[in-house]
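Derivation of every value follows stated rules applied to the coordinates shown; laboratory data play no part. Just so it is clear, the structure is predicted and the values come from calculations on it, not from any experiment. Here Cβ is always computed from backbone atoms with ideal geometry, including for glycine, and neighbour counts include all displayed protein chains.
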Number of protein chains: 2
Amino acid sequence: MKAEILTVGDELLRGEILDSNKSLLSEKLLSLDIETRWHVSVGDDPADMTDAFRRAAGRSDVVLVSGGLGPTRDDLTMKVLADSFGLELVLHEPSLAAIREFFARFGREMAPNNEKQAWFPAGAEVLPNPIGTAPGALLEVEDTLFFCMPGVPRELERMLDEQVLPRLAARRPGGAVVRARLLRTFGMGESNLDDLLSDVAADGDVVLGFRTSFPDNYLRPVARGASAEEAERKLARTCDAIRDRLGPLVYAEGETTLEAVVGDLLQRAGKTLAVAESCTGGLLAERISAVPGASEWFRGGVVAYANAAKSALLGVPEAMLREHGAVSQPVACAMAEGARERFGADLGVATTGIAGPTGGSAEKPVGLVFVALARAGVTKAQEFLFPFDRARHRMVTAQACLDWVRRTLLGVERALPRWGRRSP
Amino acid sequence: MKAEILTVGDELLRGEILDSNKSLLSEKLLSLDIETRWHVSVGDDPADMTDAFRRAAGRSDVVLVSGGLGPTRDDLTMKVLADSFGLELVLHEPSLAAIREFFARFGREMAPNNEKQAWFPAGAEVLPNPIGTAPGALLEVEDTLFFCMPGVPRELERMLDEQVLPRLAARRPGGAVVRARLLRTFGMGESNLDDLLSDVAADGDVVLGFRTSFPDNYLRPVARGASAEEAERKLARTCDAIRDRLGPLVYAEGETTLEAVVGDLLQRAGKTLAVAESCTGGLLAERISAVPGASEWFRGGVVAYANAAKSALLGVPEAMLREHGAVSQPVACAMAEGARERFGADLGVATTGIAGPTGGSAEKPVGLVFVALARAGVTKAQEFLFPFDRARHRMVTAQACLDWVRRTLLGVERALPRWGRRSP
């Protein structure tokens, strides 16, 4: 089964939007062992849309279309799809009633331009949209299945899960099975990883892909087998070999974030965390508290941007700030200890640095960062000189802190990654 | 000039990655009045890559290719591009030397698999990559220009700006000029905006596009003219009409974020801000401090996840927490006042709510949020009941807070957006 994903919208081709739907759709297709062969986007232009629909019908078995179902004047998918294959548009009364009801539920009246969302190509099966006004459709033409879905990601995902995937699962033929995993690493560059793993997945049974997602590097082994069991077995063997080689460099698999790993370790150890942030400005707290259930093990944090706040809220001595400056090892340690004490947490982590683009000096350049970790009786700090920009200085600093907490809880503490590290 | 963007990589077609390069490339092309007509992605598969290269040569004048230039085994772009048009690969000695030097600069030795990055299709012009190991290339075949660039976004952007766009600008023909702007709104739904603006940009000279970027809605007027002046004039007229109709619903244009608008207003008013966050968990501080120069007007914040932290760090009375609970109007107000006082700021903003997925009750369901704003002598709170999920409850709460600060500074304070608002 060859799949193609076609997203429609001028906003995509003008570069105004990050098209997250394509990755979502491909990932879900892969879970059914259906490989996506093409991603295509065209604008709200009937000629280009027609060309794309006809080309897709010629080369793909399944086409997932997203976008162009909205109520506004630039939404043309149903009309052009019908025209492309010489079909009429017909009114689907139940959809019109459902759209009216959707508005009534929120105490609002249906805008007149929403009515067009109830017209579909003749012969199409209408796919309900329980959380939005635009229904989808399945149209089979020239042995190709076109599934049309809304562009709004959450409506798309729900329709995909409830309407599209079950229909595809029922039709999918047997054959080679594909299984893949994603291993997340932090602390080593991509070509060094490739070198270190040069003899892993080298026999053609399993393909090893690499991907950078700053500041992480991901490994993606993909295995094929005649059965699910065979593919799983090959994949497991490869993942074991990678983990043997890399040890704690691999911090998680799949969608599991570093903050979720840290939360899980804290929960299991019965320990709590608090943070004190200067250069990361709340990013660390934001990531930690984004984990559902974080209130169990996260006490809170202080974003101490002003020096006065470092003293008043974290108890950093004013004399220390005067003598060493806010971006210094002693201040990082005092911040971590302050967070730990003020929040009554087991572990305190702190960041202070010069994120840029301005604020650097010869002695303390942009990219200079101190992070500190305080436990009962022990406080340590590390110094970095990162070569990135403001946003990435914040990202890598937050990641380095979380990884340090993880390694501390695992008992495999070691020097942090090598970028511009000034002190071990 | 018809442009096509072609990104290469199995990771794209497996949905492991958000392909941000396509939007970047399209946006930059538009700045040269070059419209992108197709976005295409294929995997690291020589047959599909060949098909895509040949199809692009048949329909496009310019093809921007990104990805597949790395050192790892799955990077095939140069080899397949050469094969697609019957060309040899030739070694480019200066590139090999540059790659060696790149590693030397970081005190590391070149990995052997980096050498392949110095081989290019015969006849190609090599495009230097000053911040990475993979050079790019310009290949002209069958009247089509193929620009091959790295997939790493910052390397891609630099090569695009320094190497690709100047070459395109020099070759671009005259003709219709396109100008576009992005107007960012917060607080009204897409179809209501379309209704309200139904007579704006209705004459064909200017096309008005709509886009949702949660929790915002963006408007995108695009004007065409025989000259840049004509296109600009039409565009300005349309934008004025939109702003007349929508007033302060439009908070910014282009890439300007709401936090940047707030920062600018604070700076001009000579005022400072501090935040106290419970349900937003640091998101508000993170967004505010991401604005370069934020230390001028942002004092800091407290992420008070635990009740004890709300008392100890923000001075919320323990009796108030017992009587009303942490998610309540009095506690929101006390948090905002506490932030304002402890940080010595002019304005204090606070959030407390039940972000979900758990923690709700009949009386205080998931999605219930209180936000408060404290100024000298005045503290106000608002109550919401949002129907989203954890991540979006945090996002919309942060946006509502920032918009409230913006409107307060502008003197156009009004009720916050209508989603599930419980009290005005």
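Within the range A:357-380, what residues put their amide N at less than 16 Å from the label point 7 Å along the Cα-to-Cβ vector of residue B:296?
Taking a point 7 Å out along Cα→Cβ of residue B:296, the residues of the range A:357-380 whose backbone N falls under 16 Å are A:357-360.
What does the convex hull of the Cα atoms come to per residue for the range B:177-253, in Å³?
74 Å³
Relative to the other copies, what are the label-point distances for residue B:126, with labels 7 Å from Cα along the C-beta vector, expressed in nm at one decimal and sorted shortest first?
From this label point to the equivalent ones elsewhere in the assembly: 6.2 nm.
How long are the semi-axes of the equivalent ellipsoid of the range A:287-329, defined as square roots of 5 times the Cα gyration tensor eigenvalues? Whole Å, largest first.
After scaling each eigenvalue by five and taking roots: 28, 10, 8 Å.
In whole angstrom, and with the biggest value first, how far do the Cα coordinates of the range A:2-171 range along each principal axis?
43, 34, 32
Simple spin-label model, 7 Å along Cα-to-Cβ: residue B:391 to residue B:122 in nm?
5.0 nm
Count neighbours as other Cβ atoms within 10 Å of each site's Cβ, and list the trypsin sites (Lys or Arg not before Pro) in the range B:212-279 that are DSSP loop with at most 16 such neighbours.
Qualifying residues, ordered by number: B:271.
Along the Cα→Cβ direction, 7 angstrom out, place labels at residue A:323 and residue B:203. What is the inter-label distance in nm?
7.3 nm
Mind checking the full-extension length gain between residue B:228 and residue B:104? Use 0.36 nm per residue of separation minus the Cα-Cα distance, one decimal, nm.
Stretched out fully, the residue B:228 to residue B:104 stretch lengthens by 39.9 nm.
Can you pull the one-decimal nm distance between simple spin-label points at residue A:341 and residue A:170, each 7 Å off the Cα toward Cβ?
Reported label-point gap for residue A:341 and residue A:170 is 6.7 nm.
Per-residue HN-Hα couplings for the range A:74-90, Karplus 6.51 cos²θ - 1.76 cosθ + 1.60 at θ = phi - 60°, whole Hz, x for Gly and Pro?
Calculated HN-Hα couplings, in order: 8, 9, 10, 4, 4, 4, 6, 4, 4, 4, 4, 10, x, 9, 7, 8, 10 Hz.
Within a Cβ distance under 12 Å of residue B:251, other residues only, what is the Lys/Arg minus Asp/Glu net charge?
With Lys, Arg at +1 and Asp, Glu at -1, the net is -1.
Out of residues 5 or more away from residue A:209 or on other chains, whose amide H comes under 5 Å of its own, with H placed 1.01 Å from N in the peptide plane?
A:220, A:222
With a cut-off of 8 Å between alpha carbons and a minimum separation of six or more residues, what is the relative contact order of the range A:258-410 in percent?
With pairs under 8 Å counted, the relative contact order is 25 percent.
Given Cβ point charges of +1 (Lys, Arg) and -1 (Asp, Glu) and nothing else, what value in debye, to the nearest 20, does the dipole of the range A:177-253 about its Cα centre take?
220 debye
The range B:260-410: D in µm²/s via Stokes-Einstein (Kirkwood Rh, Cα pairs, 25 °C, 0.890 mPa s)?
Roughly 163 µm²/s, to the nearest whole number.
For the range A:308-327 and the range A:58-88, compute the distance between their C-alpha centroids and round to whole Å.
One Cα centre to the other: 61 Å.
Given R₀ = 41 Å, what would the calculated FRET efficiency be for residue A:131 paired with residue A:240, taking r from the Cβ atoms and rounding to 0.05?
0.50
Picking from B:307, B:283, B:324, whose Cα lies most toward the positive end of the charge dipole for the range B:260-410 (charges on Cβ: Lys, Arg +1; Asp, Glu -1)?
Going by the Cα projections, it comes out as B:283.
If you take every residue apart from residue B:145 with its C-beta less than 9 Å away from the C-beta of residue B:145, what net charge results, scoring Lys and Arg +1 and Asp and Glu -1?
Every neighbour counted, the sum reads -1.
Extension gain residue B:253-residue B:363, at 0.36 nm per residue separation less the Cα-Cα distance, in nm?
Full-extension gain reported as 35.6 nm.
Expressed in whole Å with the largest first, what are the equivalent ellipsoid semi-axes of the range A:241-300 derived from the C-alpha gyration tensor as the square root of 5 times each eigenvalue?
So the equivalent ellipsoid measures 24, 14, 10 Å along its semi-axes.
First select every other residue whose beta carbon is under 13 angstrom from the beta carbon of residue A:230; then total the charges, Lys and Arg +1, Asp and Glu -1.
+1
Under the 0.36 nm per residue contour assumption, what length would be gained going from the current alpha-carbon distance of residue A:20 and residue A:192 to full extension?
59.0 nm
Excluding residues on the same chain fewer than 8 positions from residue A:364, give the lysines whose Cα lies under 29 Å from its Cα.
Partners found: A:310, A:380, B:271.
Output, in nm with one decimal and in ascending order, the distances from the residue B:268 label point to the matching label points of the other copies (7 Å from Cα along Cα-to-Cβ).
Label point to label point, same position, other copies: 5.4 nm.
Starting from a label point 7 Å past Cα on the Cβ side, list the distances from residue B:198 to the same position in the other copies, nm, shortest first.
Here residue B:198 shows inter-copy label distances of 6.9 nm.
Please list 3J(HN,Hα) in residue order for the range B:158-163, calculated via the Karplus relation 6.51 cos²θ - 1.76 cosθ + 1.60 where θ = phi - 60°; whole Hz, with x for glycine and proline.
5, 5, 4, 5, 8, 10
What does the convex hull of the Cα atoms come to per residue for the range B:208-349, in Å³?
134 Å³
Taking H as built 1.01 Å from N, whose amide H comes closer than 5 Å to the amide H of residue A:272, not counting residues under 5 places away?
A:346, A:347
Among the DSSP beta bridges whose two residues both lie in the protein assembly as shown, what percent are antiparallel, rounded to the nearest 5?
Antiparallel: roughly 65 percent of the beta bridges in the protein assembly as shown.
Of A:116/B:28; A:22/B:79; A:79/B:234; A:28/B:116, which sit over 31 Å apart, Cα to Cα?
A:116/B:28; A:28/B:116
Would you mind calculating the relative contact order of chain B from Cα pairs under 8 angstrom and at least 6 residues apart, reporting the percent as a whole number?
It comes to 10 percent, rounded to a whole number.
Which ordering of B:77, A:133 is given by a fewest-first count of other beta-carbon atoms within 10 Å?
A:133, B:77
Along the three principal axes, how long is the protein assembly as shown when you take its alpha carbons, biggest first, rounded to the nearest angstrom?
Largest first, the protein assembly as shown extends 71, 66, 59 Å along its Cα principal axes.
Which value, in debye to the nearest 20, gives the size of the charge dipole of chain A about its Cα centre, when Lys and Arg are +1 and Asp and Glu are -1 at the Cβ?
1620 debye
What is the ratio of the Cα radius of gyration of chain B to 2.2 N^0.38 Å, with N the residue count, to two decimals?
1.21
Just need the relative contact order of the range B:2-171 here, percent rounded to a whole number, with Cα pairs under 8 Å and 6+ apart.
Taking the mean separation of contacting Cα pairs over the length of the range B:2-171, I get 23 percent.
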